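Before any comments, here is the structure.
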Amino acid sequence: MSNAILANQRQLFGHPLGLYVCFFTEMWERFAFYGLKALLFLYLTKHHAFSDNNGYLLLGTYAGLAYALPVVGGLLADQYLGMRKAVTFGGILMAVGMLGMAYTGQAATPEGGADAVAIQIMYASLALVAVGVGFLKPNISTIVGRLYEDNDPRRDSAFTVFYMGINLGALAASLIVGGVGEIYGWGYGFALAGIGLLTGFVVFIKNKAHLMGQAESAHPELLEQKVWGLRRETLIYVLALVGVVVVQQVLQTKFDFDAIAHILGMAPGTQITATEVVAIVLTIALLVWWFKFIFIECSALERANMIVLMVLIAISAVFWGLYEQTYGTWLAYSDRVMNIESLFGFKLSASQLTSVGALFIFALAIPFAWLWPFLDRKGWNPSASAKFAIGLLFAGLAHFVLQYAALNPESNGLAGFWWFILAYLVLEIGEMALSPIGLSAVTTLSVPRVVSLMMGVWFLASAFGEMIAGRFGTLASMEKGTAVPDALAIYADVFSTLGWVGVGAAAFMFAMTPILNRQIRIAREKTPSV
Ligand code: GLN
């Protein structure tokens with residue numbers, strides 16, 4: 001990285017202009033991503049008459065792929081494309097996908113007749129979005145880091161600003177895309193998400209000069225080389241389009257696995273999705289690499305750090321499995337069996353209420369920015385693994401709040417609104433204790449030469465979280481028109497299970513904390529030079 005170029009960047013509020021380009025690009029990308037997500041389950045179950053079971057599974061597999069593919073998009077940008085081209089290409093795929101989502105075809109008839117063509121267009125559109133996210137998301141985040149020297153003290157605050165862009169996009173998406181989609185028509189909501197994405201795309205293209213060449217390919221000559229008769233760059237785009245077709249099929253493929261389901265105690269007829277198979281294969285390959293890497297190429301301290309990091313990453317999947325209920329069971333619960341009251345004078349629809357999460361992130365950002373340094377000064381700052389345990393505990397407790405609300409409905413028989421808001425607050429405290437700490441742990445605990453890959457692995461855990469969330473969601477599947485008291489009983493049961501999953505995982509992490517901390521201490525003593 002050239003010092004002169006970075007030193008001469010134009011600044012605004014003490015940060016290079018490039019940060020604001022990344023901020024707005026990612027804000028609009030998340031606007032599209034979360035707008036689609038806020039509507040998806042309702043759209044599938046109401047417009048195309050998907051069963052709850054299939055709705056939860058598709059939500060989980062689509063979002064799971066969108067978080068798994070950044071591993072590939074990050075690698076391709078590192079090796080060949082550079083970040084700018086990857087972001088541009090990802091933006092185009094996502095925009096086409098969003099506009100494809102806007103084609104909603106015929107609503108399913110009461111007899112269950114569905115519009116097969118519209119559903120195939122939807123699968124293709126979801127595939128375009130997932131592959132697009134894979135190219136865009138990891139790389140726009142890496143550009144932020146590239147705008148600063150390695151030892152620049154503004155780096156952490158740059159990521160904080162960037163995280164706010166993510167949540168601003170998420171907030172606006174639920175309110176605007178969710179509202180328009182539910183009130184005026186699904187297609188209008190998705191189209192609006194697409195327009196948001198195009199806005200981000202224009203911001204990025206028009207302002208790329210502010211990235212000061214930091215997002216360019218490290219090996220432009222490789223892009224020009226001919227492979228199989230095509231320029232390598234063109235070949236990458238062509239293969240990505242083939243990937244879209246593959247993903248379109250993967251999204252709708254399920255396999256019978258009764259033999260294994262039986263051993264796991266699952267109901268007969270339970271199927272495994274192709275996405276889950278892909279994720280499991282990817283994980284096995286990754287673990288083989290990881291074990292080889294830590295035992296052959298790492299010093300004792302590096303190995304200890306990498307083991308701690310892997311435990312954190314693995315357990316984060318459980319957290320996201322609970323957290324992502326917000327776009328699945330929480331959404332269905334608020335739509336079907338809850339009183340919705342006004343919030344700041346507005347009565348929001350179920351998809352719009354998913355904005356409460358981002359709202360609390362804004363409210364909690366400052367207290368948390370103060371809390372950790374404050375505890376640190378007193379010598380009480382918990383280690384990363386203790387913070388993860390706290391995050392899991394709160395994710396569990398949030399579900400107990402909802403269980404209580406479902407067991408104690410109000411006089412009209414529906415669950416109370418403010419319990420739902422309280423559950424979101426508790427859940428977001430959990431997110432603040434875990435998510436930013438996790439990102440920072442990746443950068444500090446990972447061996448530097450594999451840090452991008454480990455960041456990809458961090459997102460891969462989110463992918464598992466999404467799929468786990470889909471599976472948890474299926475526990476709350478119910479027939480259309482289930483009576484409210486029966487539905488409340490089902491939700492109470494599922495929320496209680498999820499609460500115990502969170503508390504159990506938290507107990508595990510609390511128990512692991514002294515072991516993990518000791519592991520690092522011993523390694524440090526053994527490696528005095530570090
Ligand atoms: N909310 C954050 C984002 O969208 C993190 C999500 C995650 O890692 N699962 O970027």
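Being under 15 Å from the mean Cα position of the chain (by Cα) and either open to solvent by less than 10 Å² (accessible area, probe 1.4 Å) or away from the ligand (no atom under 13 Å from the Cβ) (or both) is a property that holds for Glu428.
Rundown of residues vs (1) within 16 Å of the ligand (Cβ to nearest atom); (2) not aliphatic (A, V, I, L, M), yes/no style:
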| site | (1), (2) |
| --- | --- |
| Gly438 | yes, yes |
| Pro448 | no, yes |
| Met454 | yes, no |
| Ala469 | yes, no |
| Ala476 | no, no |
| Glu479 | no, yes |
| Asp486 | no, yes |
| Ala489 | no, no |
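When each of Phe50, Phe31, Phe89 is tested for being of a type outside the set (Lys, Arg), at negative phi and without any contact (Cβ under 8 Å) to a residue 40 or more places away in the chain, the lone residue that passes is Phe50. Restricting attention to the range 496-517, does a residue exist that is hydrophobic (A, V, I, L, M, F, W, C), within 16 Å of the ligand (Cβ to nearest atom) and either over 30 Å from Leu353 (Cα atoms) or at pLDDT below 95 (or both)? The answer is no, given that none of the residues of the range 496-517 is hydrophobic (A, V, I, L, M, F, W, C), within 16 Å of the ligand (Cβ to nearest atom) and either over 30 Å from Leu353 (Cα atoms) or at pLDDT below 95 (or both). If the condition is being outside any loop (DSSP other than H, G, I, E, B) and open to solvent by 20 Å² or more (accessible area, probe 1.4 Å), then the range 342-351 contributes Leu343, Phe346. Listed by position, the helices (runs of 4 or more DSSP H) contained in the range 233-341 that have at least 1 residues being open to solvent by 10 Å² or more (accessible area, probe 1.4 Å), hydrophobic (A, V, I, L, M, F, W, C) and more than 16 Å from the ligand (Cβ to nearest atom) are 258-263, 274-292, 300-323.
Residue pairs whose Cβ atoms lie under 6 Å apart, separated by 6 or more positions or on different chains, with the first residue in the range 204-222 and more than 21 Å from Leu75 (Cβ to Cβ) and open to solvent by less than 70 Å² (accessible area, probe 1.4 Å) and the second modelled with pLDDT under 85 and of a type in the set (A, V, I, L, M), are Met212/Ile5.
What are the pairs, 6+ residues apart or on separate chains, where a residue within the range 316-342 that is over 12 Å from Ala38 (Cβ atoms) has its Cβ under 6 Å from a residue that is β-branched (Val, Ile, Thr) and within 13 Å of the ligand (Cβ to nearest atom)? Close Cβ pairs (under 6 Å, with a partner that is β-branched (Val, Ile, Thr) and within 13 Å of the ligand (Cβ to nearest atom)) amount to Gly321/Ile468. Each residue in the range 213-270 was checked for being farther than 16 Å from Val131 by Cα and within 24 Å of the chain's Cα centre (by Cα), and 3 pass. Would you confirm, using the coordinates I've provided, whether Ala300 is touching a Lys or Arg at 6+ places or on another chain (Cβ under 6 Å) and touching a residue at least 12 places away in the same chain (Cβ under 8 Å)? It is true that Ala300 is touching a Lys or Arg at 6+ places or on another chain (Cβ under 6 Å) and touching a residue at least 12 places away in the same chain (Cβ under 8 Å).
Hey, among the residues in the range 148-169 that are more than 11 Å from the ligand (Cβ to nearest atom) and at pLDDT 85 or above, which one's most open to solvent (accessible area, probe 1.4 Å)? The selected residue is Leu168.
Here is a yes/no grid of residues against (1) surrounded by fewer than 21 Cβ atoms within 10 Å (Cβ to Cβ); (2) part of a helix (DSSP H, G or I); (3) of a type in the set (A, V, I, L, M):
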| position | (1), (2), (3) |
| --- | --- |
| Trp419 | yes, yes, no |
| Leu434 | no, yes, yes |
| Val451 | yes, yes, yes |
| Phe472 | no, yes, no |
| Gly481 | yes, no, no |
| Val494 | no, yes, yes |
| Ala506 | no, yes, yes |
| Ala511 | yes, yes, yes |
| Pro514 | yes, yes, no |
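Might you check whether a residue that is aliphatic (A, V, I, L, M) and under 14 Å from Glu431 (Cβ atoms) occurs anywhere in the range 398-408? Checking the range 398-408: at least one residue is aliphatic (A, V, I, L, M) and under 14 Å from Glu431 (Cβ atoms).
Listed by first and then second residue, the pairs linking a residue in the range 270-294 that is closer than 23 Å to Val246 by Cβ to a residue that is open to solvent by 80 Å² or more (accessible area, probe 1.4 Å), with Cβ atoms under 6 Å apart and 6 or more places separating them unless they lie on different chains, are Gln271/Asp256; Ile272/Phe255.
Every test in (1) out of contact with any Asp or Glu (no Cβ under 9 Å at 6 or more places or on another chain); (2) more than 16 Å from the ligand (Cβ to nearest atom); (3) at pLDDT 90 or above; (4) of a type in the set (Asp, Glu) is passed by Glu29 save one, and that test is (2).
The values are calculated or read from the model by the stated rules, or taken from the named source; none is laboratory data. Since we're looking at a predicted model, the values are computed, not measured. Positions of Cβ are generated from backbone atoms using ideal geometry, with glycine treated the same way; all protein chains shown enter the neighbour counts. The area values use the complete protein model at the heavy-atom level, side chains included, leaving out ligands, DNA and RNA. Shrake-Rupley method; radii C 1.70, N 1.55, O 1.52, S 1.80 Å.
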